[in-house]
Amino acid sequence: MNLLGDHTCCPWSFGASEPAPGGRQAAPAGSQPQKPGMVPPPPGEESQIILLPPGWQSYLSPQGRRYYVNTTTNETTWERPSSSSGIPASPGPHRSSLPPTVNGYHAAGTPAHPPETAHMSVRKSTGDSQNLGSSSPGKKQSKENTITINCVTFPHPDTMPEQQLLKPTEWSYCDYFWADKKDPQGNGTMAGFELLLQKQLKGKQMQKEMSEFIRERIKIEEEYAKNLAKLSQNSLAAQEEGSLGEAWAQVKKSLADEAEVHLKFSAKLHSEVEKPLMNFRENFKKDMKKCEHHITDLRKQLASRHAAVEKARKALTERQRDLEIKTQQLEIKLSNKTEEDIKKARRKSTQAGDDLMRCVDLYNQAQSKWFEEMVTTTLELERLEAERVEMIRQHLCQYTQLRHETDMFNQSTVEPVDQLLRKVDPAKDRELWVREHKTGNIRPVDMEI
């Protein structure tokens with residue numbers, strides 16, 4: 001059963017790995033490839049045919065905008081490339097300052113997203129010009145569709161699609177403990193898994209205390225049995241005679257029998273209730289600690305990957321800004337080295353985009369691993385808790401059963417006493433006593449003179 005669904009899919013992509021040298025490019029989804037080296041003219045200019053430099057191809061984005069792909073360097077740009085040095089030319093007075101997308105390399109056989117749709121491309125601004133700004137659309141997309149809390153990425157509440165529970169209708173641990181919770185004893189937060197772990201350890205402690213409670217009950221039973229046995233040997237009223245004497249002797253004997261019943265009850269409580277409760281999962285706490293360390297290590301790795309993503313995102317923003325500055329310098333021709341500087345800035349910008357893509361991929365892998373382990377472990381904790389509760393229930397049922405049996409045995413010890421008490425007959429006792437102790441039945445008479 002696959003409980004993970006499509007969780008491992010990246011919330012946003014940057015493109016695939018760089019193609020093998022010489023790999024040809026195919027049109028991206030939604031784009032319309034043109035014949036290599038030729039570009040159909042814009043509407044109203046059908047009489048003109050624009051030739052592209054070698055290695056360049058033209059595509060239409062899903063929004064209908066034309067962009068250009070260099071199949072040799074894997075660069076993309078909105079600007080029509082010129083025939084010199086592979087530098088895009090400006091097609092008219094309203095030329096764009098857009099350089100190739102910062103993540104403008106392509107998977108083998110597939111060009112990257114067009115600049116309008118690539119998540120790592122520069123942000124769209126007014127008109128056809130592009131604004132590199134201080135944040136990339138990748139981050140903007142993340143802010144719009146996802147939200148990161150304590151280094152864990154969640155769908156944004158405002159745009160979140162309905163999620164199907166992993167175990168609907170069961171109120172399962174694996175569905176309700178993904179977020180962190182504010183620690184009621186401090187200003188920090190407590191991970192959902194830690195909350196589950198505390199419940200498990202608390203359950204183990206409750207089980208231990210139940211065992212101690214039964215042990216105290218056993219001590220009471222043993223002491224009670226000892227005192228009953230001692231009392232049964234007491235000589236008080238031992239000289240009672242007749243049917244009442246027999247009943248009294250049976251009362252004392254029943255105490256000895258009852259003492260034996262309670263000794264047996266205490267022994268069964270120890271072997272059938274107390275000991276199983278005490279020994280159930282002796283290493284449970286140690287196993288829970290191992291489990292906690294494993295999940296904690298995965299969470300720390302996730303935090304480390306998130307820090308790397310933020311660092312790479314910051315580096316990308318700086319590279320974009322640098323590329324924008326150099327592009328502006330090219331427009332006003334402030335430096336003869338600007339074109340070469342732009343090439344270097346493009347390479348660094350593309351590398352920064354690649355680094356960010358790699359960091360995000362590693363982050364998503366770490367989050368996916370943490371997710372999988374969380375599902376597996378929380379389901380195991382859920383099973384262990386159900387097993388613990390059922391075990392305790394069964395042994396407490398055994399306790400009540402033993403208690404009923406003890407009451408029945410105690411009742412059996414007093415039944416002979418009841419029978420003898422019903423047979424007590426004062427007249428008969430008097431007859432028996434008189435027969436045994438009579439001194440004579442001749443009564444005295446008057447003296448004669």
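The values are calculated or read from the model by the stated rules, or taken from the named source; none is laboratory data. As the structure is a prediction and not an experimental result, all values here were calculated from the model. Please note: Cβ atoms are built from the backbone with ideal geometry, for glycine as well, and neighbour counts cover all protein chains shown. With ligands, DNA and RNA removed, areas are computed over all heavy atoms of the protein, side chains included. Shrake-Rupley method; radii C 1.70, N 1.55, O 1.52, S 1.80 Å.
Of the residues making up the stretch 47-65, those that are modelled with pLDDT of 75 or more and open to solvent by less than 60 Å² (accessible area, probe 1.4 Å) are Leu52, Pro53, Gly55, Trp56, Gln57, Ser58. Reported count of residues in the stretch 188-197, each being closer than 15 Å to Glu382 by Cβ and not aromatic (Phe, Trp, Tyr), is 4. Of all positions in the stretch 216-226, none carries a residue that is among the small types (Gly, Ala, Ser) and modelled with pLDDT under 95. Every condition in (1) part of a helix (DSSP H, G or I); (2) open to solvent by 30 Å² or more (accessible area, probe 1.4 Å); (3) among the charged types (D, E, K, R); (4) free of Cβ contacts under 8 Å to residues at least 40 places away in the same chain holds for Lys199 except the one numbered (4).
Can you pull out the residues in the stretch 412-434 that are open to solvent by 100 Å² or more (accessible area, probe 1.4 Å) and either modelled with pLDDT of 90 or more or within 30 Å of Glu212 (Cα to Cα) (or both)? Listed by number, the residues that qualify are Arg422, Lys423, Arg430.
As a summary of the residue check, Leu396 satisfies the conditions (1) at pLDDT 90 or above; (2) of a type in the set (A, V, I, L, M, F, W, C); (3) more than 30 Å from Phe213 (Cβ to Cβ); (4) assigned to a helix (DSSP H, G or I) except for the one numbered (3). The numbered conditions (1) assigned to a loop (DSSP other than H, G, I, E, B); (2) open to solvent by less than 70 Å² (accessible area, probe 1.4 Å) are all true for Ile295 except (1).
In the stretch 161-180, how many residues are touching a strand residue (DSSP E or B) at 6+ places or on another chain (Cβ under 8 Å) and either within 28 Å of Glu318 (Cβ to Cβ) or at pLDDT below 90 (or both)? Quick ask: steps written out before the conclusion?
Initially, the stretch 161-180 is screened for residues touching a strand residue (DSSP E or B) at 6+ places or on another chain (Cβ under 8 Å), giving 161, 163, 178-180.
Next, only the ones that are either within 28 Å of Glu318 (Cβ to Cβ) or at pLDDT below 90 (or both) stay: 161, 163.
The number of residues fulfilling the criteria is 2.
As a summary of the residue check, Glu385 satisfies the conditions (1) open to solvent by 40 Å² or more (accessible area, probe 1.4 Å); (2) in a helix (DSSP H, G or I); (3) touching a residue at least 12 places away in the same chain (Cβ under 8 Å) except for the one numbered (1). Residue count for the stretch 214-233 satisfying the condition of being part of a helix (DSSP H, G or I) and open to solvent by 40 Å² or more (accessible area, probe 1.4 Å): 13. On inspection, Ala312 qualifies as over 29 Å from Leu384 (Cα atoms), crowded, with 19+ Cβ neighbours inside 10 Å and aliphatic (A, V, I, L, M). Any residue at all in the stretch 352-363 that is of a type in the set (Ser, Thr, Tyr) and either more than 20 Å from Thr148 (Cβ to Cβ) or surrounded by fewer than 19 Cβ atoms within 10 Å (Cβ to Cβ) (or both)? Taking every residue of the stretch 352-363 in turn, none turns out to be of a type in the set (Ser, Thr, Tyr) and either more than 20 Å from Thr148 (Cβ to Cβ) or surrounded by fewer than 19 Cβ atoms within 10 Å (Cβ to Cβ) (or both). Inclusion of Arg319 among residues that are open to solvent by 80 Å² or more (accessible area, probe 1.4 Å), touching a Lys or Arg at 6+ places or on another chain (Cβ under 9 Å) and assigned to a helix (DSSP H, G or I) is warranted.
Could you go through the stretch 205-213 and let me know if any residue there is modelled with pLDDT of 90 or more, open to solvent by less than 20 Å² (accessible area, probe 1.4 Å), of a type in the set (Asp, Glu) and part of a helix (DSSP H, G or I). Steps first, answer last, please.
Quick first cut of the stretch 205-213, residues modelled with pLDDT of 90 or more only: 205-213.
Add one more test, that the residue is open to solvent by less than 20 Å² (accessible area, probe 1.4 Å), and what stays is 207, 211.
Adding the requirement that they be of a type in the set (Asp, Glu) leaves none.
So far as the stretch 205-213 goes, no, none of its residues is modelled with pLDDT of 90 or more, open to solvent by less than 20 Å² (accessible area, probe 1.4 Å), of a type in the set (Asp, Glu) and part of a helix (DSSP H, G or I).
Against the definition (in a helix (DSSP H, G or I), open to solvent by 30 Å² or more (accessible area, probe 1.4 Å) and β-branched (Val, Ile, Thr)), how does Thr327 come out, yes or no? No.
Comparison of Ser254, Ser243 shows that the only residue that is closer than 18 Å to Thr406 by Cβ, of a type in the set (S, T, N, Q) and assigned to a helix (DSSP H, G or I) is Ser254. Of all residues in the stretch 234-245, those satisfying the criterion of being surrounded by fewer than 16 Cβ atoms within 10 Å (Cβ to Cβ) and in contact (Cβ under 8 Å) with a residue 12 or more places away in the chain are Asn234, Glu241. Residues in the stretch 264-288 that are outside any helix (DSSP H, G or I) and either loosely packed, with under 13 Cβ neighbours inside 10 Å or among the aliphatic types (A, V, I, L, M) (or both): Glu282, Asn283.
Can you go through Asn410, Asn441 and tell me which one is outside any loop (DSSP other than H, G, I, E, B) and polar (S, T, N, Q)? I'd like the intermediate steps shown before the answer.
Numbers: Asn441 fails: outside any loop (DSSP other than H, G, I, E, B).
That would be Asn410, the only listed residue that is outside any loop (DSSP other than H, G, I, E, B) and polar (S, T, N, Q).
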